[in-house]
Amino acid sequence: RFSQNFREVAGRFLVSQASTHLLVFIMEQRLPPNSELVQAVLRLFQEPVPQAALRRHERLSPRSDWARVTVEWLQVRKDGSNRTALIDSRLVSIRESGWKAFDVTEAVNFWQQLSRPQEPLLLQVSVQREHLGPLASSAHKLVRLASQEPLGNGQGEPQLELHTLNLRDFGAQGNCDAEAPVTQGTRCCRQEMYIDLQGMKWAENWVLEPPGFLAYECVGTCQQPPEALTFKWPFLGPRQCIASETTSLPMIVSIKEGGRPRPQVVSLPNMRVQKCSCASDGALVPRKLEP
Amino acid sequence: MTEEQILGSLLQQLHLGEAPVLDKSDVEELVTPAHVRAQYVALLKRSHEVRSRGK
């Protein structure tokens with residue numbers, strides 16, 4: 001509602017054990033092509049605990065009113081094996097009820113990396129004790145997440161909010177136009193920049209290769225998201241034109257060993273820009289999904 | 001990218017405190033061995049294939 005492209009996906013409880021729930025979200029065509037996921041929020045409705053149950057809990061286990069709700073991304077591999085990745089975890093009080101929000105951006109990032117849009121997003125939600133040990137509270141047994149039994153009107157069903165930005169407007173444009181000069185209004189792009197190592201005094205006589213290299217640089221500006229979005233996530237800085245992919249630069253240098261110069265190879269990381277993007281400082285850097 | 005950044009990265013990789021000073025006479029007769037050149041070319045090829053994700 002507050003994002004330019006707002007999608008809301010209703011989920012279903014597929015399996016519910018005593019403390020673990022498996023949520024299934026059909027994601028096909030939910031994320032527009034050429035868009036960037038800013039944040040994905042999972043909303044779960046915590047049902048109020050009946051007063052009688054609360055009084056019984058106070059009598060039997062007065063130490064803590066808290067339980068831990070953990071969200072994991074679940075992948076079912078082709079060979080049938082499962083793997084999970086911890087996405088978000090927070091404490092909830094049994095005295096509160098209502099919508100609880102979890103940041104599941106990383107889970108959607110993982111799902112995107114699978115490149116199998118027809119497969120649903122699977123989220124495993126578990127309710128556990130606040131902590132383990134002999135004095136641990138059993139408050140977690142009182143936490144009920146709607147709607148294990150649908151209320152009929154969809155109220156309380158788990159929801160997945162997807163906040164995206166259209167990269168056609170908010171992204172970078174690839175390589176700069178060599179003919180057009182870069183001005184304040186130039187959209188973020190990658191511009192050629194030659195670094196002449198031979199012309200650098202400090203490199204004289206010991207940097208043997210290369211004589212220079214095409215480093216590229218990111219220039220131009222990025223369109224800023226709507227104010228409503230920056231209000232919602234104040235931790236996100238303005239979108240800036242930055243190098244999002246880089247490569248290393250190998251060199252041959254001559255170092256004196258035992259009084260004699262000896263050529264050797266060294267590789268300098270992140271020396272050449274491969275891709276420029278618009279990105280906000282503070283935004284999540286997606287973890288790479290291991291095969 | 002500035003000169004200082006390139007020099008800083010190079011010194012860091014080589015674990016050096018400052019840029020070495022070599023005379024022209026030190027490198028005039030210097031020949032890069034074939035295995036060093038082969039290693040350089042292999043890294044050059046690899047750097048075109050492997051990209052690292054920045055911030």
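Quick note: the coordinates plus some simple rules give every number you see, no bench work behind them. These numbers come from a predicted model, not from an experiment. Neighbour counts run over all protein chains shown; Cβ positions are idealised from the backbone, glycine included.
Within the listed set A:Ile255, A:Ile195, A:Ile242, the Gaussian network model of chain A (springs between alpha-carbon atoms below 10 Å) gives the highest mean-square fluctuation for A:Ile255. Most tightly packed first, judged by the mean number of other beta-carbon atoms within 10 Å of their residues, the peptides A:174-186, A:36-48, B:32-44, A:200-212 read A:36-48, A:200-212, B:32-44, A:174-186. Note on segment A:136-291: Cα-Cα pairs beyond 28 Å make up 53% of the total pair count. Normalised by 2.2 N^0.38 Å, where N is the number of residues, the alpha-carbon radius of gyration of chain A equals 1.38. Lys-Lys pairs in the protein assembly as shown that are eight or more residues apart or on separate chains and whose Cα atoms lie under 19 Å of each other come to 9. Kirkwood analysis of segment A:45-91, using all unique Cα-Cα pairs, places the hydrodynamic radius at 13.8 Å. Placing R0 at 25 angstrom, the Cβ-Cβ distance between B:Arg37 and A:Met200 gives a FRET efficiency of 0.65 after rounding to 0.05. Under 15 Å from a label point set 7 Å out along the Cα-to-Cβ vector of A:Gln223, the amide N atoms of segment A:154-173 belong to A:164-173. Semi-axis lengths, largest first, of the ellipsoid equivalent to segment A:209-279 are 42, 13, 7 Å, with √(5λ) applied to each eigenvalue of the Cα gyration tensor.
In nm, what is the difference between 0.36 nm times the number of residues separating A:Arg83 and A:Met193 and their Cα-Cα distance?
Gain in length upon complete extension: 35.2 nm.
Taking Cα atoms only, the orientation of helix A:51-60 departs from the longest principal axis of chain A by about 80 degrees.
When Rg and the Kirkwood Rh are both derived from Cα coordinates, the Rg/Rh ratio for segment A:34-183 amounts to 1.14.
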